[in-house]
Amino acid sequence: MGGAELPTTVDLCWIPLGAGRHVVRLSGKLFEAVSGRVQTRSPCDLYHSALVVVVPEGRFVIEQTPVIDGQGDRRGVVLEGPVGTRLAGRFRLFRYEVRRWRDGVISDIAAAVSTVRVADDSVVAGQILDLVPSVPPLVWGRDQHRTGDMWNSNSVISWLLSRAGVDSAGISPPPRGRAPGWHAGIVIAAHDAVIAPVRSSARV
């Protein structure tokens, strides 16, 4: 007899920026200190987001991370993009990857401050998984679409949720927290929804 079918869920994980990475954490604090001064507000805690999607076919993690080697197929990598400038993206150190990793791991998940159930609908979950290869490979850290916000890992997550019909604008990071890039993903998703229909794709 087969095992019980997995319930469909989509969970959003809020992970402190730089958890487990001393340099990233310090650079994030510096960035937020400068941003707070420019915007005349108190500094906030910065967060990185990732998704855990469970469907009858299995459990998938979706996350944008640095490229660590040339074996992305082992991590369910479906696309890469440049960091800083497109020219620098020729080098692995200046590229990011977007993963749709079946039975994968989120390296800093133990540090997550909050995990939020954003959907339990099979259609929404399926659309999110199908959309991952269509994430626009924009330059990390830049605002190419003039949204007033940079493109980064949070943009990828808010773009996916928005394109799948989830109200990303109504989702906020934990109290006293900020998720740079979240707004950019929402704005760009609204534009992309007009010109690009959701298409099913193979999931690995």
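Nothing in this text is a laboratory measurement; each read-out follows from the coordinates by a stated rule. Here the structure is a predicted model, which means the values were calculated and not measured. In this analysis, Cβ positions are derived from the backbone assuming ideal geometry, glycine residues included, and neighbour counts consider all displayed protein chains.
So the values come out like this:
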| read-out | value |
| --- | --- |
| Overall form of the stretch 9-195 per C-alpha gyration tensor (a/c, 1.5; a/b vs b/c) | rounded |
| Isotropically averaged projected area of the stretch 81-123, using the convex hull of Cα atoms (one quarter of hull area), nm² | 5.4 |
| Sequence of Phe94, Phe60 once ranked by neighbouring C-beta atoms within 10 Å, starting from the fewest | Phe94, Phe60 |
| Rounded FRET efficiency, nearest 0.05, which uses the C-beta distance separating Arg90 from Ile68 and R0 of 22 Å | 0.80 |
| Part-to-part distance (alpha-carbon centres) for the stretch 42-87 and the stretch 114-143, which is given in Å | 10 |
